[in-house]
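Some notes on the structure that comes next.
Rule-based calculations on the coordinates, nothing more; no lab input. Just so we're clear, the structure is a prediction, and the values are computed from it rather than from any experiment. Here the Cβ positions follow ideal geometry from the backbone for every residue, glycine too, while neighbour counts run over all protein chains shown.
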Amino acid sequence: MAVQDGLPEERKMKKGLLVLVLSAIITTGAAFADHPGGFGIGVQFGGGGYWGASGFHPHAALSLKLPKFPIFWAIRMDITNDHFGLGLSGDYYLIDDKLAPEIGLNWYLGVGGSFGLSFGNDWMGLGVAARLPIGLSWQPLPLLEIFLQVVPSLGLDILPGIHFPSGGFGGDFGIRLWF
């Protein structure tokens, strides 16, 4: 094994390949991006249903997009009569493209992940999931975005016991301001 500049040649090649792949992902994402590149903050309201559970579970969330970082974040809170929950999700938009550019209507398809912690009267739940957000985004003004999304998920419950598969369908309506 050849060693150059203190690192084995194979390790240098792996690092170079990693940099190349990350550059391609970031460049491709920017080529299809229709959201502004600055700081975005807003609120979203929605809910969903979970496999094996009945009813609609509402939530509210803070929506956040940091400049030059390709992840759309949501910090969620669920409050109902029988439980309290907190969650965090992050989504990367694989497609973020114009649908009707003359009126500022876009669509997106992404992949992401979520983490949730819930507390009931006599139980605690913890889970992780993969997400597939599909949505519409309308920007009537450069500062203002209104979005609607459907988010199927597939995950793993960790507490109160290990359970796979877990997941369901959710949806959100939100407003985001861009700076």
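With +1 on each Lys and Arg Cβ and -1 on each Asp and Glu Cβ, how big is the dipole of region 40-178 about its Cα centre, in debye rounded to the nearest 20?
Values: 6 positive and 10 negative charges, 59 e Å.
Charge dipole, region 40-178, about its Cα centre: 280 debye, nearest 20.
Per-peptide packing, taken as the mean over residues of other Cβ atoms within 10 Å, places 135-146, 83-94 in the sequence 83-94, 135-146 from highest down.
With each label modelled as a point 7 angstrom along the Cα→C-beta vector, the Ser54-Lys68 pair spans 5.3 nm.
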